[in-house]
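The structure appears below as structure tokens.
Just so you know, all these numbers are worked out from the coordinates, no wet-lab data involved. Please read these numbers as outputs of a predicted model, since none were measured by experiment. Cβ placement follows ideal geometry from the backbone for every residue including glycine, while neighbour counts extend to all protein chains displayed.
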Amino acid sequence: MRRLAFLSAVLLLTVLSQVGGAVLILAWLLGRALLPKGSLRGLAVLALFAILYSAATLVVIPPLAALAGRVPLPCRAEPGRPVATGSPLYCLLNRNYVDPRLVPLLDALAAAMEQAYPGTVTLYLDANFPFLDGMPLAPHLSHDDGRKLDLAFFYADPGGAYRPGSLRSPVGYWTFEQPGPDDPQPCIEPRWPTLRWDMGLLQGMYPDRPLEPERTRAALAWLLEEGPRFGLEKILLEPHLVHRLGLSSPLLRFQGCRAARHDDHLHLQITP
């Protein structure tokens, strides 16, 4: 049972962070070498894992990822750079790495939004792992080559005032904008097999934080007009939101009814 639990932890950490499983194995090997078998060895392994994982995330992985062609996005907004992760988990789990060409695109978008709407912070969600093209960023089917990035919507309070740096859910996903009666709804009939989950039980758990349409529309309009200069290839967004926001462009795509919903975030992709 201990071996099974250990292997499960290695697998889970690998799926979540790509490198966590390897770090746990290293911590376990060091713990065995440094301490005799006993109750303290487990605590030592956990302590070693925390130290080694932190060191790897902060010091070792960024330069190695750069050699592999990926760079980390900033975790916190700084003066003159209003970009941040929507949740610290994305940086902690090394899910904030991108192709270097995505960095100027995101920075230019954030600068344009801050200039048009002072105090606006542009938040990103899942990006990519630091290494290995072809390893999907679970639970996504893509995000496996550095060219994909999810952006959070902009949200307001119930009175309509913009809430800087706020999401509806702790991680920014699964808080779907529901279509109205006159909006396009191509997925009323279920398609099987499917990864399109409506997460109905979760929808009432989150705070009343409506979409802030002015900033969301402005961000999309900027991406559609200026994004191709930075290599933007497409944006995935649900048809009912495209309709509601009054947008039209060949860059706006629908992912289909068998893939995850895209009315809780924007999915950006740049050219190969």
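For the pair segment 18-34 and segment 164-195, the centres of their Cα atoms are 40 angstrom apart.
Overall, the chain carries a charge dipole of about 1240 debye about its Cα centre when +1 sits on the Cβ of Lys and Arg and -1 on the Cβ of Asp and Glu, all other atoms neutral. Placing +1 on the Cβ of every Lys and Arg and -1 on the Cβ of every Asp and Glu, with nothing else charged, gives segment 1-87 a dipole about its Cα centre of roughly 300 debye. When DSSP beta bridges are restricted to pairs lying wholly in the chain, around 75% turn out antiparallel.
Fully extending the segment from Gln203 to Glu225 would add 4.6 nm, taking 0.36 nm per residue of separation and subtracting the current Cα-Cα distance. Compute the helix-to-body angle for 2-17: its Cα long axis versus the longest principal axis of the chain, expressed 0 to 90° and rounded to tens. For 2-17 against the chain, the angle is about 40 degrees. Ordering 49-57, 189-197, 216-224 by mean Cβ neighbour count within 10 Å, with the highest value first, yields 216-224, 49-57, 189-197. Helix content alone sets the calculated 222 nm mean residue ellipticity of the chain: runs of n ≥ 4 DSSP H residues at -39500 (n - 2.57) each, divided across all residues, give -11000 deg cm²/dmol.
Each peptide in 86-97, 12-23 gets a packing score, the mean of other Cβ atoms within 10 Å over its residues, and the list from highest to lowest is 86-97, 12-23. How far, in degrees from 0 to 90, does helix 20-34 lean away from the longest principal axis of the Cα atoms of the chain, to the nearest 10? Roughly 20 degrees between the two axes.
Within segment 132-156, whose backbone N sits under 20 Å from a point 7 Å along Cα→Cβ of Leu26? Of the residues in segment 132-156, 132-133 have backbone N under 20 Å from the label point off Leu26. Based on Cα contacts under 8 Å between residues 6+ apart, the chain shows a relative contact order of 16 percent.
Mind pulling the angle between the C-alpha long axis of helix 39-55 and the longest principal axis of the chain? Nearest 10 degrees, somewhere in 0 to 90. Helix 39-55 and the main axis of the chain meet at about 50 degrees.
Which one, (i) 1.01; (ii) 0.97; (iii) 1.05, gives Rg/Rh (Cα atoms, Kirkwood Rh) as derived from the coordinates shown? Recomputing Rg/Rh (Cα atoms, Kirkwood Rh) here gives the entry labelled (i).
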